[in-house]
Amino acid sequence: MAARLGQLKIWQCSRHFLSLNSLKQLNFNVSNQCGVIRCFVTKLSKEQEENLASGPDLADFIEGDVKTHDKSKLKKLGKERLRLPSWLKREIPIGKNYNTLKSSLRTLNLNTVCEEARCPNIGECWGGGKDGTATATIMLMGDTCTRGCRFCSVKTARAPPALDPAEPVNTAKAIAEWGLDYVVLTSVDRDDMPDGGSAHFAQTVIELKKSDSRILVECLTPDFGGDLSCVERVAMSGLDVYAHNIETVERLTPFVRDARAKYRQSLAVLHHVKKAIPALVTKTSIMLGLGEHDEEVRQTMKGTRVCDSRKV
């Protein structure tokens, strides 16, 4: 049985199809998706066909004898197959610091954005890097978000599990064990709660400062549905840096963020924090490479400066 793989673009969407040809002697140049007239898919190149023909067949998979083909089939013209460049790969997370930190998180039932967002740099941060100082961003209010932004890997649900009342105290314990001077707290969105979880967030900061007043605390908060009283509650909790990410330029916001997360709403959050506590450091971040134009980036930065956000 010969197989043909190809790609077809319909309605500006890339779709992949598999065309099966049960007659080896039947040689066709294009494949036609079943039920779609005059929409063709290009077949494999000659080189790809040769590689496919020399690889394991169905009988090998049935017999579980696929491994015997690995060494010989991964070579091309006497040379080993091309590998990914070193800068595009990350080592599997291991090490004493990594294991200690992970054990501490699991014992205290805490979540991190490092894990939930599947950050590729988790081994470097948790392992301590060159200076041996392990860092992690604690994610409060569970591991399930009520919003579904397109760029995020965190789980979503309309009604996530209830908050852990011990989380604020457990977070303070974990930070004390790690011996950090600077900690970043973030959270999922909890639109299912009247206050968006702002009281829980604020209480965590209070517990951290109670355990060690020298710890600098940065809070990367949600927009709390635009409820500025919730924003102010967190801002007044004793934190040192209030961060809220605008994520992208205004034009792309509907395509990148959840429909409930609005560009102007995020600007209003940053503006209100500076209005409530003028001396507090505010911070925001945007992602690049989503199709934004240079002028749009400049306009976004100007917009955050109007809110007096000192860090972008």
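Here are some notes:
- Residue among VAL205, VAL188 that is open to solvent by less than 20 Å² (accessible area, probe 1.4 Å), in contact with a Gly (Cβ under 8 Å, 6 or more places away or on another chain) and over 15 Å from ASN111 (Cβ atoms): VAL205
- One residue alone among ALA172, ALA162 is closer than 23 Å to LEU208 by Cβ, touching a helix residue (DSSP H, G or I) at 6+ places or on another chain (Cβ under 6 Å) and either at pLDDT 80 or above or surrounded by 15 or more Cβ atoms within 10 Å (Cβ to Cβ) (or both), and that residue is ALA172.
- Residue match in the range 234-252 (condition: open to solvent by 60 Å² or more (accessible area, probe 1.4 Å) and in contact with a strand residue (DSSP E or B) (Cβ under 8 Å, 6 or more places away or on another chain)): no
- Pairs with Cβ under 7 Å, 6+ apart, first in the range 280-294 and touching a residue at least 40 places away in the same chain (Cβ under 8 Å) and over 20 Å from VAL241 (Cβ atoms), second of a type in the set (Val, Ile, Thr) and part of a helix (DSSP H, G or I): LEU290/VAL256
- A residue that is assigned to a loop (DSSP other than H, G, I, E, B), touching a residue at least 12 places away in the same chain (Cβ under 8 Å) and in contact with a Cys (Cβ under 9 Å, 6 or more places away or on another chain) occurs somewhere in the range 251-260.
- The set of residues in the range 276-300 that are part of a helix (DSSP H, G or I), out of contact with any Leu (no Cβ under 9 Å at 6 or more places or on another chain) and surrounded by 13 or more Cβ atoms within 10 Å (Cβ to Cβ) comprises GLN299, THR300.
- Residue within the range 195-202 that is more than 18 Å from ASN111 (Cβ to Cβ), of a type outside the set (Val, Ile, Thr), open to solvent by 20 Å² or more (accessible area, probe 1.4 Å) and at pLDDT 95 or above present: yes
- Near pairs, Cβ below 7 angstrom, 6+ apart or cross-chain, from the range 99-112 (within 14 Å of ASN170 (Cβ to Cβ) and free of Cβ contacts under 8 Å to residues at least 60 places away in the same chain) to any residue that is outside any helix (DSSP H, G or I) and open to solvent by less than 30 Å² (accessible area, probe 1.4 Å): ASN111/MET139; ASN111/GLY142; THR112/ALA136; THR112/ILE138; THR112/MET139
- Qualifying residues in the range 208-233 (those that are within 16 Å of SER266 (Cα to Cα) and polar (S, T, N, Q)) - the one surrounded by the most Cβ atoms within 10 Å (Cβ to Cβ): THR221
The values are calculated or read from the model by the stated rules, or taken from the named source; none is laboratory data. Remember, predicted model here, so these are calculated numbers, not experimental data. Cβ sites come from the backbone with ideal geometry, for glycine too, and all protein chains shown count toward neighbours. Remember, those area values only see protein heavy atoms, side chains included, never the ligands or the DNA or RNA. Shrake-Rupley method; radii C 1.70, N 1.55, O 1.52, S 1.80 Å.
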